[in-house]
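Have a look at the structure below before the remarks.
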Amino acid sequence: MLPKPDPKDIDRKHRLSLPNNEIPKQDPEARVHNSEEVYEHFDWETARAEALRCIQCPGAPCVRACPLDNDIPYALWQLEHGEYEAGAEVFRLTSTMPEVCGRVCPQVILCEGACIYTNMRKRPISIGRLEAMMADYQKAHGGPSTETAPPTGCRVAVVGAGPAGLAAAELLAKKGHAITVFDAWPAAGGILRYGIPKFKMDHAIADEKAEYLEKLGVQFRFNTWIGKGVTVDELLDEHGFGAVFLGFGAGISVELKVPGVDLDGIHTASPFLVQANVDEDKKPPDLKGLPEFGERVAVIGGGDTAMDCLRTSVRLGVKEVLCVYRRTEEQMPGNERDRRLAKEEGVQFKWLTQPIRFLGDENGHVVAMECQRMELGEPDDTGRRRPIPVEGSEFTLVVDTVVLAIGYWPDPLVGESTPGLETHDWGLIVVHGETQATTREGVFAGGDDVLGPDLVVRAMAQARTAAQSIHEYLMGQELEPAETTPTS
């Protein structure tokens, strides 16, 4: 690994004059007919040229903007000199899954959004794509180290095989602890498989991650719903685990309470995405086969999950795909990049529109939805202007399939079945802000079950903190428990 550069050796004026390099991607006409990743890798010559644009900022705003504190300039320094594996290893010093973050992080609001080029109104360095390239290269050339510390004799139960659970499992296994990961799904990945479509991230990456963790000694117990079949108490008291990490995410769909929502042809987002995107042998029995869909699909919502449902519908061959959102495009919470790709793929958008009633035929199948125009009022708690119904503006849209993508909450069963575990707001777990310790001794939590639906990278960051705290707890160090007021 090359040492960090001397600032005096960086010709920043020259680097700032270099042209940016467009990330290659499939043409819309081709990609709507396959499930392969839309974005492709640079060739290595172009990748090195893109890395050379980095001026090695002394203050490194891209690092400060990364929830994992990845040393991005140092990684790009390795890349521009052809040290691809070393660049990947720089990322792995702080990130357990650079191959994932490079693909699914919204870099435009994180590292790339903080890049000095953005302030100059130029295209930022393609940090995410370069991160994914180096991580893939390392995996293809032997992979990251599987070295672990000597066994400690301590056992940890990790609940959830998604981003937070996989990150915690890896970090704890490398410290010498025996790790068992429990998950309700039939395979590893959590949202990386059962939420994110293949055209954003190849699901083989989740399989490769699970295989790597097994090399570290991690064991997996799938089709096991903690809180329903086995409780946290049983993990601690009967199964002999010294600590538990709760990283089961937020997978319970928010209900849309309008008349007709129970009609046939109306889906919630998660089952729809699982049926449409996951390999048959990785699906649970009740979600085998493709989802039912017609010729005109409306997706309700404006976040990343809504974009995934819209773009999935296009790939299913739906003739007309419509996004219905109650605010304006400027207020949409999802990744702007995905929204742009959806438009390229033929998705239509209807802004400032709220469904108020679904209409069915004589067989109980949705055929239309009554909507109401909205206007923006004063900002709500999120800082976005509140949508207000416009009186007398009702109209009807003809649809034969509806997908509801309006939000998620954690599974409340874990909180309800675990005495002493404090939760708030529909099941979010209360944690200590510096340790991720919950109000229940020996139990730690991180990710979407603490934050609510959030970014993969933030789930990983909380898992990293929790893993260090769990290690200290098992080694006998005193940790301050969570207060009984929410901290995230």
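The values are calculated or read from the model by the stated rules, or taken from the named source; none is laboratory data. What you are looking at is a predicted structure, and each value in this text was computed from that prediction instead of being measured. Cβ sites come from the backbone with ideal geometry, for glycine too, and all protein chains shown count toward neighbours.
Figures for the structure shown
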{"quantity": "Among residues of region 339-375, those that are of a type outside the set (S, T, N, Q) and free of Cβ contacts under 8 Å to residues at least 60 places away in the same chain, counted", "calculated": "18"}
{"quantity": "Extreme residue, surrounded by the fewest Cβ atoms within 10 Å (Cβ to Cβ), among residues of region 361-418 that are among the β-branched types (V, I, T) and in a loop (DSSP other than H, G, I, E, B)", "calculated": "T382"}
{"quantity": "Qualifying position, being outside the structural domain of R340 (by TED's automatic domain parsing), in contact with a Pro (Cβ under 8 Å, 6 or more places away or on another chain), buried (at least 16 other Cβ atoms within 10 Å of the Cβ) and more than 30 Å from K228 (Cα to Cα), among T94, T118", "calculated": "T118"}
{"quantity": "Sole exception among (1) over 15 Å from M134 (Cβ atoms); (2) buried (at least 17 other Cβ atoms within 10 Å of the Cβ); (3) polar (S, T, N, Q) for N34, by number", "calculated": "(2)"}
{"quantity": "Out of E472, E416, E483, E441, sole residue that is more than 26 Å from G240 (Cα to Cα) and of a type in the set (D, E)", "calculated": "E483"}
{"quantity": "One residue from D425, D449 being loosely packed, with under 14 Cβ neighbours inside 10 Å and within 22 Å of the chain's Cα centre (by Cα)", "calculated": "D425"}
{"quantity": "Subset of region 418-451 [small (G, A, S) and modelled with pLDDT under 95]", "calculated": "G427, G433"}
{"quantity": "Qualifying position, being modelled with pLDDT of 95 or more, of a type in the set (V, I, T) and out of contact with any Lys or Arg (no Cβ under 7 Å at 6 or more places or on another chain), among T94, T118, T146", "calculated": "T94"}
{"quantity": "Test: residue in region 147-166 that is buried (at least 24 other Cβ atoms within 10 Å of the Cβ) and on the phi > 0 side of the Ramachandran plot", "calculated": "yes"}
{"quantity": "Elements of type helices (runs of 4 or more DSSP H) contained in region 88-154, each with 2 or more residues being β-branched (V, I, T)", "calculated": "98-104, 116-119"}
